[in-house]
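Here is the structure we will look at, set down as structure tokens.
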Amino acid sequence: MSLEKNLFLASLLDLYGPLLSKTQKAVMEDFLLKDLTISEIAENHKVSRQAVKDAISKAELKLNSYENKLGFFKRLNGER
């Protein structure tokens with residue numbers, strides 16, 4: 001993922017993280033904020049690498065969906 005995309009997702013995680021499942025939030029925090037690899041996250045959570053990839057993908061879709069519906073990030077950054 002690009003740095004811009006990671007920063008955007010980290011901002012969305014800050015705004016909408018409480019709306020994710022505990023697992024999705026923990027995986028996204030490890031991936032985006034702690035900069036752990038998928039293998040490291042899988043080992044820490046005792047799940048497969050594929051489970052981590054799935055959690056990241058689903059969380060990313062949810063975060064983008066929340067932003068599209070609610071638009072808090074755009075409002076906070078002065079966009080309309």
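The values are calculated or read from the model by the stated rules, or taken from the named source; none is laboratory data. These figures come from a predicted structure and were not determined experimentally. With ideal geometry, Cβ positions are generated from the backbone for all residues, glycine too; neighbour counts draw on all protein chains shown.
Considering the conditions (1) at pLDDT below 95; (2) touching a Lys or Arg at 6+ places or on another chain (Cβ under 8 Å), Ser39 is excluded by exactly one of them, (1). Return a yes/no flag: does segment 46-64 have any residue that is surrounded by 15 or more Cβ atoms within 10 Å (Cβ to Cβ) and more than 15 Å from the chain's Cα centre (by Cα). Yes, there is a match, as at least one residue in segment 46-64 is surrounded by 15 or more Cβ atoms within 10 Å (Cβ to Cβ) and more than 15 Å from the chain's Cα centre (by Cα).
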